[in-house]
Amino acid sequence: MISTTKDTIYQTKIFDQIKDDSCGAIVSFTGLVRDHNSKGKVEGIFYEAYDEMVEEILRNIEKEVFKNWNIKKFIAVHRTGYVQVGEISVIVAVTSEHRKEAFEACSYGIENIKKRCPIWKKEKTQFGNEWIEGVKISE
Amino acid sequence: MNLTEYTTLKIRLFGILREKMDSDNLIISIHNTSISLKELRKYLEELYPSLGLNEINIVFAVNKVIRNDYMNVKSSDEIAIIPPISGG
């Protein structure tokens, strides 16, 4: 399952979907909204995405992961809209027979989402709303 | 009779650029049937100085794929300006 979503992401639901009786390992990365930045308190983050392009890139990342590692399932979901402190902004989860493949594939997944997916965030702080300075998108 | 051909391009905006223009899209007309992304960037810089394209490290996506400045785009293409990203 790969997607962007405006709905709350629940880790337990993702765990139920990724779990597979033929596999001995699940590795996941869960990104959360922090309550602070370098200047002070953060109340939440507005996430904006070029949804159609993100889903296409997530499909490519999924293909690359299945090509390069012997894994059983791959899930990558990114939130859009307003996400409060403590809520999940992104989750990547991988199931495989053994842990090594799952660790490597999960790491590849989140690193490539951050480098390649057109998603932007604006923090809501005590000083107002501010777009986060990002990085140039990678192909 | 005016024989000049115009092509309309729709350019999608996101993030800080969408907010600056208070719009999801820019609609522009060009004198030819296609234009290179390099020329388009220059044209947009002149037409919309408030976008600040010369100050931001933008790239273009065409039909949801990142493209370099030498690609030509036409009216049927889905063009988007991608400002620096910050997902995760």
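Towards the positive end of the charge dipole of region A:2-131, with charges on Cβ (+1 Lys, Arg; -1 Asp, Glu), say which of A:PHE127, A:PHE66, A:VAL33 has the farthest Cα.
Of the options given, the answer is A:PHE127.
Using only alpha carbon positions, build the gyration tensor of chain A, then give the equivalent ellipsoid semi-axes as the square roots of 5 times its eigenvalues, largest first, whole angstrom.
So the three semi-axes of chain A are 28, 16, 12 Å.
Treating only the Cβ of Lys, Arg, Asp and Glu as charged (+1, +1, -1, -1), what charge dipole size does region A:1-70 show about its Cα centre? Round to the nearest 20 debye.
Numbers: 9 positive and 13 negative charges, 63 e Å.
The calculation lands at about 300 debye.
Would you grab the residues whose amide H sits under 5 Å from the one on A:THR4? Only those 5+ places off in sequence or on another chain, please, with H modelled 1.01 Å from N.
A:HIS78
Please get the size of the charge dipole for chain A, origin at its Cα centre, with Cβ charges of +1 on Lys and Arg and -1 on Asp and Glu, quoted in debye to the nearest 20.
260
So for region B:7-82: antiparallel DSSP bridges make up what percent, rounded to the nearest 5? Don't skip to the answer; put the middle values down first.
Numbers: 16 of 18 bridges.
Percent antiparallel among DSSP bridges in region B:7-82 is about 90.
According to the square roots a ≥ b ≥ c of the eigenvalues of the Cα gyration tensor, what is the shape class of region B:7-82, taking rounded for a/c under 1.5, prolate for a/b larger than b/c otherwise, and oblate for the remainder? Don't skip to the end; give the middle numbers.
Details: a/c = 1.42, a/b = 1.34, b/c = 1.06.
Verdict is rounded for region B:7-82.
Can you run phi through the Karplus equation (6.51, -1.76, 1.60; θ = phi - 60°) for region A:26-40 and list ³J(HN,Hα) in whole Hz, with x for Gly and Pro?
10, 10, 9, 10, 10, x, 10, 7, 6, 8, 7, 10, 5, 9, x
Name the residue farthest towards the positive end of the dipole of region A:2-131 from the options A:GLY109, A:GLN17, A:ILE75, assuming +1 on Cβ of Lys and Arg, -1 on Cβ of Asp and Glu, about the Cα centre.
The residue sitting farthest along the positive end of the dipole is A:GLY109.
Mind listing which chymotrypsin sites (Phe, Trp or Tyr not before Pro) in region A:49-139 are in a DSSP loop and have 15 or fewer other Cβ atoms within 10 Å? Provide the component values of the computation, followed by the final result.
On the way: sites: A:TYR50, A:PHE66, A:TRP69, A:PHE74, A:TYR82, A:PHE103, A:TYR108, A:TRP120, A:PHE127, A:TRP131; in loops: A:TYR50, A:TRP69, A:PHE127.
Loop-located and lightly packed - A:PHE127.
Only the coordinates and a few stated rules stand behind these numbers; no lab work does. Here the structure is a predicted model, which is why all the values come from computation and not from measurement. Counting neighbours? That spans all protein chains shown, and the Cβs are built from the backbone with ideal geometry, glycine included.
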